Amino acid sequence: MIPSDLSAPGPRLSPEGALALLEWQIAMGADEALGEIAPNRLALPQPAATPRPPPSLVAPPGALAESLAEAAQSARLLAAGAETIAALGALVAGFDGCPLKRTATNTVFLDGNPAASVMIIGEAPGAEEDRIGRPFVGRSGQLLDRMLAAIGLDRTKVQITNVIYWRPPGNRKPNAAEIAACLPFVLRHIALARPDVLVLAGGTAASALLPLSEGITRLRGRWFELAVPGLDAPVPTLAMFHPAFLLRDPARKRETWRDLLALKARLDLPA
């Protein structure tokens, strides 16, 4: 029987009642103290933390990387002969296989440090980039600089390029044929640069290099191991929103901040 003191209102409990309660607990089998705080048996169970799956090993989409279009085949032949990033840039500047070059002012190939271990690949030049001839120099480039500074990077510590080297008219999205014509140069650039980390900024860059049908909203924040021709090991690759998208939708900056922290954590890992 439960001692009568337990049914009395209020917190008061006499020494005799406390002793009776202890004897009752022992009789019920509660004869060991396993912790200083008793567990709440009425609390809802908390789901166990789900471990993140390991990065997927992927290769660029075959429809683009192995395109049989004449421009793509010509680009592959030219790119394969480049032994340095500077030589590759000269080949891109002289390449006439992409029709976008006819309407562009400048070829936009590279900015930053060609020897940097972090490589950022964006989408295509905008009006400012086309005018100046360097990637990410407009408003989105200024935001990119602030994003990099937030994790201790700047343009001396990264190299920046795009999957398309010439501005599409009206800043439209480049089509598959235009991407296929430029992709051999992009892949050769990665192989020559041998970056420790590759960042794909925006949906166009992600769809050009990752063989997945999801949009950037679902791809961002995920790590991949990208197999690139000419490299012995795949490149750790992170997809994130393009700075131009963040200018249009500032609410997504919170997600990008998490991606930047993930990038910093990866760079801080011991070699």
Criterion: open to solvent by less than 30 Å² (accessible area, probe 1.4 Å), in a loop (DSSP other than H, G, I, E, B) and farther than 27 Å from T84 by Cα - qualifying residue of G221, G152: G221
Total residues in region 255-271, condition modelled with pLDDT under 95 and either among the aromatic types (F, W, Y) or assigned to a helix (DSSP H, G or I) (or both): 1
Whichever residue in region 138-149 is in contact (Cβ under 8 Å) with a residue 12 or more places away in the chain and not hydrophobic (A, V, I, L, M, F, W, C) and, among such residues, is surrounded by the most Cβ atoms within 10 Å (Cβ to Cβ): S140
Contacts under 8 angstrom Cβ, first residue in region 236-265 being free of Cβ contacts under 8 Å to residues at least 24 places away in the same chain and open to solvent by 60 Å² or more (accessible area, probe 1.4 Å), partner assigned to a helix (DSSP H, G or I) and of a type outside the set (S, T, N, Q), 6 or more apart: K253/L246
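Conditions (1) touching a strand residue (DSSP E or B) at 6+ places or on another chain (Cβ under 7 Å); (2) within 26 Å of G221 (Cβ to Cβ); (3) basic (K, R), marked per residue:
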{"site": "P135", "(1), (2), (3)": "yes, yes, no"}
{"site": "R139", "(1), (2), (3)": "no, yes, yes"}
{"site": "N162", "(1), (2), (3)": "yes, yes, no"}
{"site": "P168", "(1), (2), (3)": "no, no, no"}
{"site": "P174", "(1), (2), (3)": "no, yes, no"}
{"site": "F185", "(1), (2), (3)": "no, no, no"}
Residue match in region 163-182 (condition: in a strand (DSSP E or B), touching a Pro at 6+ places or on another chain (Cβ under 8 Å) and open to solvent by less than 20 Å² (accessible area, probe 1.4 Å)): no
Options P184, P99; residue that is touching a residue at least 40 places away in the same chain (Cβ under 8 Å) and under 23 Å from the mean Cα position of the chain (by Cα): P184
Which listed residue, of A90, A86, A75, is open to solvent by less than 10 Å² (accessible area, probe 1.4 Å), of a type in the set (A, V, I, L, M, F, W, C) and either assigned to a loop (DSSP other than H, G, I, E, B) or out of contact with any strand residue (DSSP E or B) (no Cβ under 9 Å at 6 or more places or on another chain) (or both): A75
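The values are calculated or read from the model by the stated rules, or taken from the named source; none is laboratory data. The shown structure was predicted, so the numbers you read here are calculated from the model rather than taken from an experiment. All Cβ positions, even for glycine, are placed from backbone atoms using ideal geometry, and neighbour counts span all protein chains on display. For the accessible areas, the whole protein counts, side chains as well, though only heavy atoms, and no ligand, DNA or RNA atoms are used. Shrake-Rupley method; radii C 1.70, N 1.55, O 1.52, S 1.80 Å.
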